[in-house]
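One structure is given here, and the rest of the page talks about it.
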Amino acid sequence: MPPSAGEDSKVFVRRMLVEVLAGREDPEGFFAMCVSVLGHRETSSRFLPLIQPLSTANGALHAALTSIHTDYFSKTQDDELELALSLSLVEMDDHRLSSTSQESRPQRPADGPNKPTAVSQGSSRVPRAGVIASGKKRDSPQTGASVKANSPQTNNTPEHAFKESDAMMNDANLSPSEKPKRSKNRRQRRKGAGRQVVGLPRSPSAPPPVLLWFRRDLRLGDNPSLTGSLEVGAPVIPVFIWSPEEEEGPGITVAVGGACKYWLHQALSCFSASLERIGSHLVFLEANTSSLHTLKELVKETGARTVLANALYEPWLKERDDAVVSALQKDGVVCKTFHSYCLRDPYSVSTEGVGLRGIGSVSHFMTCCRQNPGSALGAPLDSPVSLPTPARWPVGVPLNTLGLARMPRRKDGTTIDWAANIRKSWDFSEEGASDRLEAFLNDGVYRYEKESGRADAPNTSCLSPYLHFGQLSPRWLLWDAKGARCRPPKFQRKLAWRDLAYWQLTMFPDLPWESLRPPYKALRWSSDGGHLKAWQRGRTGYPLVDAAMRQLWLTGWMNNYMRHVVASFLIAYLYLPWQEGYRWFQDTLVDADVAIDAMMWQNGGMCGLDHWNFVMHPVDAAMTCDPYGSYVRKWCPELADLPDDLIHKPWKCPPSMLRRAGVVFGQTYAERIVTDLEERRSRSLQDVALVRREFGQYVDKHSGCDLVPLPPRLVSQALGSAHRDAGLVAEGKQFLLPVITRMEFKHQQEDPDADAASNPYNAVLKGYVSRKRDETVAFLNERDFTASVMHEGVQRRERLESNYRRMEGLPQPPAPRGRARRTPTAKDKFSVAPSGAVSSVR
């Protein structure tokens, strides 16, 4: 695009820079145009002053252009000859490929000889700009993308963006009111990112590459480490290192179970394809000894001097990362981690100014965050258009070599494809996460506040696996949720629950396997393996529990309400330890998260920081989550022909009804593994009362609350800065804190042998909706009965009066003209006010 007649070269450069800001031109192409228009000498002297306004508005783009200018004018004659030779070889390959394609197919207009080029014929020293190709990417691993800076100013018009440097605004300055338009632009950019970017290898004089270490941040959008790698202005090498031993940690965490591994395999495959679309690819490596050893070998092989990653917050992984950073920094490698996995860095949350009362609850955690705010969240980051690639890629291994999606084999050699239903149920890509979020915000979010417990309707977002593997950032989720028309606080509160779980894990590293309340370690748990296996396979004889466990086995997911139902049944009615449920969930959930599952199972197992004041009944809970039985019919099809009012308790069906439905207990459907639910629930309460009495030193005498030993970090915050370095904490003295305790446990302490039915604080729920529904139905019945009786009395009096007037020959009374007349829009028989003013006889 040469300058028009009479157009000043400076104005032309400004106009071309607008194209770069809008994402329609890349930095190297822009620099090539400047050289061809201004000439070698003018570009050397005037280029940097022309782009100076970018230093405050778009630092990444300014750094990229400055780096290109510096590299171009600092090349030696040998570098120029080598670059010219590379360009000629690539042009020969292009000519040969175009000749072959022209022989095999008709020539398209865009491939003709008049196709515009970004480099003039006479400038052999100008680096060739990256070419956006709609076809297949070249197979050569050294053919990468040219540097393309992330330009967050795409919401503004390009002409206005460059009139003044003050008009160039960063993403952090955008207000939430601009979010809906921004979300739309983001979706458009995501669609445009499907174009593949083909470029040249970096010059031999390019700076050392950057190692971008991906873990659980498999996305392009709103990825701080990815954006940080672009700001370095060097080639980027994305790597993924698989080290299952480091993921597991010191205890039995089951950090990456079977379903999680399969999701991770699919997510890595999709993310690698996304990187290839922007001219890069993901290098897979398997750690032989440790991630540190693998990274050192990578640094030695590639010559990288910078390693970037997003932070992880599990204590054992943070300890690993700290050791990696320390060791690499000793070798002169710059290491930096970015915060993005949670909304709030759990290591930065403090209880100062709030206290410890109510610790463990999400309300207390949110108060701590408000009282001690961290850094501002800011606006989400856009996806990069391309990544600069190195001259030489390190040698990796195929994704299948990691064994993440390895399937078991039968004795005859056939494969057991247990993940077939999981593949049908989920889209594992970053685009799938965005589509599911958009669908939820357009529909399900309007029912989430009151109907999120329904298992028979899609009222939940199903975004938890995407959040766990970093295919959707919590900041994007919160940003889009706040920008939606309906902003349910319950949905936004779920993100606070997620951060609370990681905060607890940082304070109690043994949360996944050790009960936090000492007395509850002595509970008399059952060791019945048959009950555990029946619960795992969905064969307990209780349709609601079986349907949920079968959904978990087939799809790797169930909603939060159903997780409470199956957890209550395992702990309160089967007496099985919460650790068994935690391990099974970790192995079968596609969104299995160590921090979240450990906190939830500890709370459900009566030994976490927060005692939930409810226990889900395996039958009556269906009144909330599956009132019409459609959920049970979907996952337990053998019960599909039973009526709605009996499908959740088939043992109460008459034998004739069971025969017509084809239900035979013990054959087509399992017998109930336990039948005396009330008795077993009473025994569970009695066991809790006994251990609390036995370990009285962990029960507060005044409030009756359980006492939990505090970690040193909380003790230091509670004592304040004046005692932070005092010897109390250094000596390792144990501090006990009263925590939230269920009221029925306090009452049971007075009479340990009492049954659950006599406890006035019985926590068994009959269904959230059922109690209100019963009260409403009773009220409506009473109101309708009263209105009906009054209406019949009025009609009887009117008939008697009408008959009397007819017998006496008196005229009938005129029709009333008051408020008591029936309104023309009435749709029920009780719309007539019972005042005796309406006559039914004319």
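Out of R660, R672, one residue alone is under 17 Å from A547 (Cβ atoms) and of a type in the set (K, R). It is R672.
Might you let me know whether segment 695-712 holds any residue that is at pLDDT 95 or above and of a type in the set (G, A, S)?
no
Within segment 236-245, does at least one residue satisfy the condition of being buried (at least 24 other Cβ atoms within 10 Å of the Cβ) and closer than 21 Å to D71 by Cα? Looking for residues that are buried (at least 24 other Cβ atoms within 10 Å of the Cβ) and closer than 21 Å to D71 by Cα, one finds at least one in segment 236-245, hence yes. Among the residues of segment 284-334, those that are under 20 Å from P250 (Cβ atoms) and among the charged types (D, E, K, R) comprise E314, K318, E319, R320, D321, D322. In segment 5-30, the residues that are more than 17 Å from Q52 (Cβ to Cβ) and not assigned by TED's automatic domain parsing to the domain that holds Y72 never reach a residue that is at pLDDT below 80 and among the basic types (K, R) with C-beta atoms less than 9 angstrom apart, at least six apart or across chains. Screening D641, D597 for residues that are under 26 Å from E580 (Cβ atoms) and either at pLDDT 90 or above or not charged (D, E, K, R) (or both) leaves exactly one candidate, D597.
Return yes when R277 is of a type in the set (D, E, K, R), more than 24 Å from L61 (Cα to Cα) and modelled with pLDDT of 90 or more and no when it is not.
no
Among the residues of segment 570-596, those that are among the aromatic types (F, W, Y) and either surrounded by fewer than 24 Cβ atoms within 10 Å (Cβ to Cβ) or out of contact with any Gly (no Cβ under 9 Å at 6 or more places or on another chain) (or both) comprise Y573, Y575, W584. Report, by residue number, each residue of segment 294-311 that is free of Cβ contacts under 8 Å to residues at least 24 places away in the same chain and either surrounded by 21 or more Cβ atoms within 10 Å (Cβ to Cβ) or not acidic (D, E) (or both). Within segment 294-311, K300 is the sole residue that qualifies. Annotation: N288 fulfils all but one of (1) touching a residue at least 12 places away in the same chain (Cβ under 8 Å); (2) assigned by TED's automatic domain parsing to the domain that holds V236; (3) over 21 Å from D382 (Cα atoms); the unmet one is (1).
Take the residues of segment 367-426 that are acidic (D, E) and under 30 Å from L552 (Cβ atoms): which is surrounded by the most Cβ atoms within 10 Å (Cβ to Cβ)?
Once the filter is applied, the top-ranked residue is D417.
Return the residue satisfying two criteria in turn: it lies in segment 474-498 and is in contact with a Phe, Trp or Tyr (Cβ under 7 Å, 6 or more places away or on another chain) and either crowded, with 21+ Cβ neighbours inside 10 Å or of a type in the set (F, W, Y) (or both), and of such residues it is nearest to Q602 (Cα to Cα). Looking at residues that are in contact with a Phe, Trp or Tyr (Cβ under 7 Å, 6 or more places away or on another chain) and either crowded, with 21+ Cβ neighbours inside 10 Å or of a type in the set (F, W, Y) (or both), I get F491. When segment 326-355 is limited to residues that are closer than 27 Å to Q504 by Cα and among the charged types (D, E, K, R), the one that is nearest to the chain's Cα centre (by Cα) turns out to be R344. Restricting segment 429-464 to residues that are closer than 16 Å to M558 by Cα and acidic (D, E), the residue that is modelled with the lowest pLDDT is E451. The residues of segment 452-483 that are in contact with a Cys (Cβ under 9 Å, 6 or more places away or on another chain) and either within 30 Å of D546 (Cβ to Cβ) or not in a helix (DSSP H, G or I) (or both), listed by number, are G453, R454, A455, D456, P465, H468, F469, Q471. When G629 is tested against (1) over 20 Å from L570 (Cα atoms); (2) surrounded by fewer than 18 Cβ atoms within 10 Å (Cβ to Cβ); (3) assigned by TED's automatic domain parsing to the domain that holds A534, exactly one condition is not met: (2).
Residue by residue, here is whether (1) of a type in the set (K, R); (2) at pLDDT 80 or above; (3) touching a Leu at 6+ places or on another chain (Cβ under 8 Å); (4) surrounded by 17 or more Cβ atoms within 10 Å (Cβ to Cβ) holds:
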{"residue": "E42", "(1), (2), (3), (4)": "no, yes, no, no"}
{"residue": "F47", "(1), (2), (3), (4)": "no, yes, yes, yes"}
{"residue": "L50", "(1), (2), (3), (4)": "no, yes, yes, yes"}
{"residue": "P53", "(1), (2), (3), (4)": "no, no, no, yes"}
{"residue": "N58", "(1), (2), (3), (4)": "no, no, yes, yes"}
{"residue": "L65", "(1), (2), (3), (4)": "no, yes, yes, yes"}
{"residue": "H69", "(1), (2), (3), (4)": "no, yes, yes, yes"}
{"residue": "Q77", "(1), (2), (3), (4)": "no, no, no, no"}
{"residue": "A84", "(1), (2), (3), (4)": "no, no, no, no"}
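Condition check ((1) assigned to a helix (DSSP H, G or I); (2) free of Cβ contacts under 8 Å to residues at least 24 places away in the same chain) across all residues:
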position	(1), (2)
Y313	no, no
E319	yes, yes
S326	yes, yes
T337	no, no
Y347	yes, no
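The values are calculated or read from the model by the stated rules, or taken from the named source; none is laboratory data. As the structure is a prediction and not an experimental result, all values here were calculated from the model. Cβ atoms come from the backbone with ideal geometry, glycine included; neighbour counts cover every protein chain shown.
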